[in-house]
Amino acid sequence: MTAVAVTAPSTTRTLLVCAAVVGPLWSAVSLTQAATREGFDLTRHPLSLLSTGSLGWLQIGNFVVAGLLILAGAAGFRRVLDSAWVPRLVAASGAGMIAAGVFTMDPGDGFPVGTPAGPGTLGLSGIGHMAAGSITFFALIATCYVLGRHFSRAGDRRAAVASRVAGTALLAGDLWAMSGGKAGSLTLAVGAISAMLWVSWVAARHLRTV
């Protein structure tokens, strides 16, 4: 998997910019809400729970916009990388993000304010969100590991290690959260943000080659 040595049109740069900005943008919007929404506790509540309540439209929009940017970024990766899997995996994560915005989590564990404590009920929308999240996480984890292999072959050891660390952070965070581990939602958020920021960094890096 090597960079394609051709002159890319300006649209390629635009597509890569979409991938470069999506990680920081989604993370900033999510964490800002996590810090300001009444009753939200990142050690107990996953960032997806921000899609509920009167201000839930903010996180819903965050998911959908992020998904669209990721899909555009996947097209950009397809133009600059001699790889079949990276664009496909990135596109899968983008589709998962959009679906995660369409299908929202069910209120629970005291959020939004006024919701009874405990996990609450799991409806069709919540099931859809869990499925969408699983697709997104699997695709992001796989993307990071495929990129790690690419950087290893290119002799870029630091980037290879960073890529695998990002993928492992999301894998470990997801498994810890699913096991009901303490502060699982926080570890999942750290992992997801790490993987998204890494894919954005790779896109920004390739902007210098087009």
Helix 85-102 axis, angle to the chain major axis (alpha carbon atoms, nearest 10°): 20
Exposure proxy ranking, count of Cβ atoms within 10 Å, fewest first, for ARG208, ARG44, ARG164, ARG157: ARG208, ARG157, ARG44, ARG164
Selection from GLY39, ALA169, ALA99, by position along the positive dipole direction of the chain (Cβ): ALA169
Rg/Rg_globular for the chain, with Rg_globular taken as 2.2 N^0.38 Å and Rg from C-alpha atoms: 1.03
Contour minus Cα-Cα distance for ALA117 and ALA204 (0.36 nm per residue): 27.1 nm
Residue order, fewest to most surrounding Cβ atoms within 10 angstrom, among SER163, SER152: SER152, SER163
Spatial separation of Cα centroids for the stretch 142-200 and the stretch 72-112, in angstrom: 15
Dipole in debye (nearest 20) - the stretch 1-154, about Cα centre, beta carbon charges: Lys, Arg +1; Asp, Glu -1: 620
Calculated from backbone phi, Karplus (6.51, -1.76, 1.60) coupling profile of the stretch 134-140 in Hz, x at Gly/Pro: 4, 4, 4, 5, 4, 5, 5
Size of electric dipole in the stretch 77-168: Cβ of Lys, Arg +1 and of Asp, Glu -1, about Cα centre, debye, nearest 20: 620
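A short reminder: the numbers here are calculations on the coordinates, not readings from a lab. A quick note: this is a predicted structure, and the numbers were derived from the prediction, not measured. Don't worry about glycine lacking a Cβ; one is built from the backbone with ideal geometry, like all the others, and counts go over all protein chains shown.
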